[in-house]
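Participant: Quick one: the structure is below, and I'll ask about it shortly.
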Amino acid sequence: MRASSLLLIGLVACKTEVGYGTYLCGVEQDCPDGQACNGPDNRCVHPAVAIPFACEPQDEHEPDDVAADAFALPEMACVSQPTLLSGCLHAGESEDWVRFDVPAACTAVVARMRLSYPLAYEDVQFEIADADGTVLEMETACDASDTSLEDLGILAKCLKRTVTPGASYTIRVKTDGALSCGGACAFNRYKLSVRLETPQP
């Protein structure tokens, strides 16, 4: 057998296959060749078994597309554990609204909010607004005190703001339209965390 033939056999023997489910979908549902993004878990699978993205019924809180219909979070104490909400922006829906109330008995209080979502689909943003929907502040990058989840295919954005005791606030969660697979992945699911705390001196 010629040396060139031996080299070819060696290269073929060392070739590795990327197993299905090994990778989480990248930006815009990107997967290795021969695989497709699976909607329910954002994993790269064989195209024949890939399920399209769909919002789960428990993640829908309609009507919540305007500030007046904002979905109300459970009542929180002046210093509270995080209140968690799972939501979903389906195709054709650009925003969800959430409302929370600050107890009147609080003396000084800060609202700390965190939004996380899969990078596989459309980018998601959020902002805090007053009860009528007038925007007060946009989200920022999370600081070192918030654990990064990017290595798990999840992105996160944060917002911290001093709020007024006895007042109501709304949170607008929206898609930004920048990366949406040319409209083929203009949707996403998200998790929103809101908690109240006493501001640090």
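Participant: Mind checking Rg over Rh on the chain, alpha carbons, Kirkwood formula for Rh?
Facilitator: Value, to two decimals: 1.15.
Participant: To continue, here is another question. Once you have the alpha carbon radius of gyration of segment 21-110, what is it after dividing by 2.2 N^0.38 Å, with N set to its residue count?
Facilitator: 1.53
Participant: In nm, give the distance between the simple-model label positions of Ala77 and Ser94, each being 7 Å from the Cα along the Cα-to-Cβ direction.
Facilitator: 4.1
Participant: Could you list the square roots of 5 times each eigenvalue of the Cα gyration tensor of segment 69-113, that is, the equivalent ellipsoid semi-axes, sorted largest first and rounded to whole Å?
Facilitator: Working from the Cα gyration tensor, I get semi-axes of 26, 10, 9 Å.
Participant: Also, quick follow-up: State the extension gain, in nm to one decimal, for the chain segment bounded by Glu62 and Ala167, taking 0.36 nm per residue of separation less the distance between their alpha-carbons.
Facilitator: So the chain would gain 35.4 nm between Glu62 and Ala167.
Participant: Further, regarding this structure: If I take the Cα coordinates of segment 103-142 and project them onto the principal axes, what are the three extents in Å, biggest first?
Facilitator: 42, 21, 15
Participant: Just subtract the alpha-carbon distance of Ala48 and Glu127 from 0.36 nm times their residue separation and send over the number in nm, one decimal.
Facilitator: Fully extending the segment from Ala48 to Glu127 adds 24.5 nm.
Participant: Could you give the Stokes-Einstein D for segment 63-162 in µm² per second, using the C-alpha Kirkwood radius, 25 °C, 0.890 mPa s?
Facilitator: 164
Participant: Given H placed on each backbone N at 1.01 Å, which residues far from Leu136 in sequence or on other chains put an amide H within less than 5 Å of it?
Facilitator: Ile128, Ala129, Asp130
Participant: With angles folded into 0 to 90 degrees, how steeply does helix 3-14 sit against the dominant principal axis of the chain? Use alpha carbons for both and round to 10.
Facilitator: Approximately 30 degrees, to the nearest 10.
Participant: Here's another thing I want to ask about it. Can you give the longest stretch of the chain with no exposed loop site, where a site means GluC sites (Glu not before Pro) in a DSSP loop (not H, G, I, E or B) with at most 10 other C-beta atoms within 10 Å?
Facilitator: Result, exposed sites excluded: 76-201.
Participant: So which aspartates and glutamates can Lys157 reach, going by Cα to Cα under 12 Å and dropping same-chain residues fewer than 8 places off?
Facilitator: The reachable aspartates and glutamates, counting only those whose Cα sits under 12 Å from Lys157, are Asp123, Glu127, Glu139, Asp143, Asp146.
Each reported figure results from applying straightforward, stated rules to the coordinates on display, with no laboratory input. Model, not experiment: these values are computed from the prediction. Using ideal geometry, Cβ is built from the backbone for each residue, glycine included, and neighbour counts are taken over all protein chains shown.
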